[in-house]
Amino acid sequence: MTLSELVRVAGARWSVEECFQAAKSQVGLDHYQVRHWTSWHRHITLAMFALAFLTAVAASAAPNRPADPHHSASNNDLITLTVPEIRHLLAAFFDPPAVTAARLLHWSTWRRRTRQQPVAATTDDGVPMNTSDQPAQLTG
């Protein structure tokens, strides 16, 4: 196994850990009390499916934004829907709270409008930094 392969695998571990942490906090991956492997497997499968569904909905709801990382968003732009936001909206839809749907959607729009827009990381010279999930390539 080469050094570059080891670095790639170590870098991939971070994204796997992030996925499991999201599944634990968003869809209850760690909320099981079962005695048999079959029950555990069903719970894990459904939790991971729920996270995949929420992630796919969040990805499909993302607006098309310019690819320029230095493009500043206007104050009226909403941040994209996140997995927790979609989970909250679906929970409110299937188990309605004491508030109306219009008020819930108004709150969601207000929250997404008032949140800070992410800013692309740059060096002191204004050069965009490598912010991808992929580790930097080693040159040898």
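Pairs are defined by a Cβ separation below 6 Å, a sequence spacing of at least 6 or placement on different chains, a first member in the range 13-32 that is without any contact (Cβ under 8 Å) to a residue 60 or more places away in the chain, and a second member that is outside any helix (DSSP H, G or I) and surrounded by 14 or more Cβ atoms within 10 Å (Cβ to Cβ); the pairs so defined are A23/L29. Regarding V83, is this residue of a type outside the set (S, T, N, Q), within 12 Å of the chain's Cα centre (by Cα) and at pLDDT 85 or above? In short, yes. Count of the range 18-45 residues, restricted to those that are part of a helix (DSSP H, G or I), farther than 22 Å from L81 by Cα and not β-branched (V, I, T), is 6. If only residues of the range 40-55 that are of a type outside the set (S, T, N, Q) and surrounded by fewer than 12 Cβ atoms within 10 Å (Cβ to Cβ) are counted, the one that is farthest from the chain's Cα centre (by Cα) is H41. Within the range 43-61, residues that are over 18 Å from H88 (Cβ atoms) reach partners that are open to solvent by 50 Å² or more (accessible area, probe 1.4 Å) and not charged (D, E, K, R) with beta carbons closer than 7 Å, at six or more positions or on different chains, in the pairs H43/Y32; H43/V34. Kindly provide the set of residues from the range 18-39 that are in contact with a Phe, Trp or Tyr (Cβ under 9 Å, 6 or more places away or on another chain) and open to solvent by 90 Å² or more (accessible area, probe 1.4 Å), ordered by number. Of everything in the range 18-39, just one residue is in contact with a Phe, Trp or Tyr (Cβ under 9 Å, 6 or more places away or on another chain) and open to solvent by 90 Å² or more (accessible area, probe 1.4 Å), namely Y32. Is at least one residue of the range 47-64 modelled with pLDDT under 85 and among the polar types (S, T, N, Q)? Scanning the range 47-64, I find at least one residue that is modelled with pLDDT under 85 and among the polar types (S, T, N, Q), so the answer is yes.
The values are calculated or read from the model by the stated rules, or taken from the named source; none is laboratory data. No experiment lies behind these values; they were computed from the predicted model shown. Glycine also receives a Cβ, built like all others from the backbone with ideal geometry; neighbour counts cover every protein chain displayed. Accessible surface areas use protein heavy atoms only, side chains included; no ligands, DNA or RNA. Shrake-Rupley method; radii C 1.70, N 1.55, O 1.52, S 1.80 Å.
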